[in-house]
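Contents: one structure, followed by commentary.
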Amino acid sequence: MSIIKFIKKIKKINRTLFTTPSHNQGKGGAPEVINMLGRKFFSCDYSEIEGADNLANPIGIIKQAQDNASHIYNSKATFFLTNGSTSGTIAGMNAILSRNDKVLITRNCHKSVYNGLVITGAVPIWLMPHYNRDWGIYEQVNIDYLDETLSRNRDIKLFIMTNPTYEGLLSDVQAISDICRKHNVKLLVDEAHGALWNFHKALGTPALLQGADIVVQSLHKTAGALNPSALLHIGLESDIDPKLVQQSLNLITTTSPSYPLLLNIEGTVNYLNSEKGKLELSQLVKNINRMIRTLRTVPNLEVFSYNNDVTKILVKVTNMSGYELSDILFEKYNIEDELANEKSVLFLTGIGTTKTKLKKLEKALVEICSNNIKITEDEEDYNIFTPVEPRVKYTPALVWGMPYKEIELKYALSRVSMELISDYPPGIPILIPGEVIKKEHLDFLKNKKKIKVLI
């Protein structure tokens with residue numbers, strides 16, 4: 001029986017429950033909250049009652065739902081995550097790494113890898129992707145650079161990368177997995193923004209089909225699920241034990257999983273795999289491609305379109321920073337983007353992005369470029385970070401809990417940071433505890449009065 005069918009059955013039976021949650025399926029609790037979310041949402045919120053299942057040791061309806069998803073994604077095992085891709089990344093790291101193991105990580109990975117470093121006690125080695133200054137974005141993983149780095153560091157146990165990048169750029173995961181296999185290195189791919197790839201070939205090729213050992217996907221980012229729904233997959237040919245991954249997940253996952261989130265994960269996967277879901281996704285891709293073709297004809301407007309996932313629309317306007325364009329769109333058109341940098345602006349689309357919504361954005365961009373619209377407000381003093389090779393003095397696990405003090409920023413040069421600092425979104429670390437503070441960090445943090453440093 002599926003999770004959704006079980007919930008429907010229990011609601012129909014109307015069993016009298018003296019169990020958690022105490023709102024009694026919406027019959028009690030804060031009226032304002034119930035009115036906002038709807039009583040139907042609360043009516044699906046159960047605990048591990050008779051006939052249900054346990055996310056920490058699934059043997060019933062959750063196991064069946066995960067097995068079904070595993071079949072759809074062609075994985076060795078698939079796990080439902082109710083606290084986001086972050087939990088999947090940490091659990092994947094913990095299933096592979098032990099204290100003092102070396103792990104190679106692309107610097108444009110999400111800051112959640114820092115949490116994994118603290119928990120595992122692993123030693124990070126950072127792989128710096130090329131930084132495209134024309135667009136203000138990190139580019140794909142350089143295959144030769146990766147091979148060279150792994151050749152120089154024979155004791156690396158795991159390579160962690162993000163694909164697609166936050167802006168949608170695609171790396172050659174098949175070539176990367178071949179290199180990792182040659183060096184006996186496991187591959188973990190943060191595919192948080194690639195959750196639609198299994199259902200439309202034009203977007204990108206899933207890392208699971210290219211030899212990755214562990215893949216993490218966020219269903220809420222582009223696939224239409226509720227925050228923070230996600231999946232963790234083990235590659236079909238990987239020798240990683242699913243039981244070890246389950247144990248790792250149990251370390252960081254609540255013992256009170258949300259059944260509304262679980263049924264939403266199950267339902268989202270099944271819908272994406274249905275004819276109706278695939279048709280909706282196909283229409284989304286057609287609408288985006290049509291919009292991009294139009295935007296390419298607009299003077300002073302450029303759309304990034306080199307080896308990327310088209311659901312991430314990255315644009316820039318001549319003689320205008322990304323921050324300025326973002327402000328104009330927000331103030332004059334009530335349009336909020338996903339991310340802006342000094343050069344470009346990113347618009348995130350997904351299964352819920354309508355043709356009308358795309359038309360509104362298209363019209364606004366055409367008007368801005370045609371009429372040379374400017375904002376009248378004073379421009380903000382945006383801090384721009386120039387990526388710099390990190391210098392790891394101590395591992396994050398080693399400095400965790402060690403004494404620190406706050407000092408004025410001007411005295412922080414060459415000190416060891418005790419702060420995790422990232423530009424959010426996209427959540428890429430700029431400075432991690434245990435790393436040496438450089439001049440580039442101070443330039444970026446110029447408006448910050450104090451910083452925590454190791455004593």
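Between LEU196, LEU208, LEU219, the distinction of being at pLDDT 95 or above and under 23 Å from LEU244 (Cβ atoms) belongs to LEU208 only. Cβ-Cβ contacts under 6 Å between residues 6 or more apart (or on different chains), taken from a first residue in region 132-143 that is of a type in the set (A, V, I, L, M, F, W, C) to a second residue that is surrounded by fewer than 17 Cβ atoms within 10 Å (Cβ to Cβ) and not in a loop (DSSP other than H, G, I, E, B), are listed as ILE143/ALA175.
Conditions (1) surrounded by 22 or more Cβ atoms within 10 Å (Cβ to Cβ); (2) part of a loop (DSSP other than H, G, I, E, B), marked per residue:
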| site | (1), (2) |
| --- | --- |
| VAL141 | yes, yes |
| LEU146 | yes, no |
| LEU150 | no, no |
| ILE160 | yes, no |
| PRO164 | yes, yes |
| SER171 | yes, yes |
| ILE176 | yes, no |
| CYS180 | yes, no |
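All conditions but one from (1) closer than 25 Å to ALA195 by Cα; (2) surrounded by fewer than 16 Cβ atoms within 10 Å (Cβ to Cβ) apply to GLY51; the one that does not is (1).
One residue alone among LEU339, LEU346, LEU325 is under 22 Å from ARG133 (Cβ atoms), in contact with a strand residue (DSSP E or B) (Cβ under 8 Å, 6 or more places away or on another chain), at pLDDT below 95 and surrounded by 15 or more Cβ atoms within 10 Å (Cβ to Cβ), and that residue is LEU339.
Any idea how many residues of region 439-454 are at pLDDT 95 or above and in a loop (DSSP other than H, G, I, E, B)? The total comes to 0.
Inside region 84-110, residues that are buried (at least 19 other Cβ atoms within 10 Å of the Cβ) and either polar (S, T, N, Q) or without any contact (Cβ under 8 Å) to a residue 24 or more places away in the chain (or both) make up a count of 7.
The set of residues from region 125-145 being in contact with a helix residue (DSSP H, G or I) (Cβ under 7 Å, 6 or more places away or on another chain) and under 23 Å from ALA230 (Cβ atoms) comprises just one member, VAL141. So, in region 219-234, how many residues would count as being more than 17 Å from LEU262 (Cα to Cα) and not in a helix (DSSP H, G or I)? Qualifying residue count for the region: 1. All conditions but one from (1) closer than 30 Å to CYS44 by Cβ; (2) hydroxyl-bearing (Ser, Thr, Tyr); (3) crowded, with 18+ Cβ neighbours inside 10 Å apply to THR354; the one that does not is (3). The residues of region 148-192 that are closer than 19 Å to LEU117 by Cβ, within 12 Å of the chain's Cα centre (by Cα) and not polar (S, T, N, Q), listed by number, are MET161, VAL189, ASP190, ALA192. Criterion applied to VAL113, VAL118 was being outside the structural domain of SER344 (by TED's automatic domain parsing) and surrounded by 22 or more Cβ atoms within 10 Å (Cβ to Cβ), and the one residue passing it is VAL113. Selection of region 5-34 for residues being part of a helix (DSSP H, G or I) and either closer than 14 Å to SER258 by Cβ or over 31 Å from the mean Cα position of the chain (by Cα) (or both) yields ILE7, LYS8, LYS9, ILE10, LYS11, LYS12, ILE13, PRO31, GLU32.
Here LEU261 qualifies as within 22 Å of LEU55 (Cα to Cα), in a helix (DSSP H, G or I) and not basic (Lys, Arg). Scanning region 188-218 for residues that are in a helix (DSSP H, G or I) and out of contact with any Pro (no Cβ under 8 Å at 6 or more places or on another chain), which turns out surrounded by the most Cβ atoms within 10 Å (Cβ to Cβ)? Ranking the qualifying residues of region 188-218, first place goes to ALA207.
Among all residues of region 99-118, there is none that is among the aromatic types (Phe, Trp, Tyr), touching a Pro at 6+ places or on another chain (Cβ under 9 Å) and under 20 Å from GLN247 (Cβ atoms).
The values are calculated or read from the model by the stated rules, or taken from the named source; none is laboratory data. Remember, predicted model here, so these are calculated numbers, not experimental data. All Cβ positions, glycine included, derive from the backbone under ideal geometry; neighbour counts span all protein chains shown.
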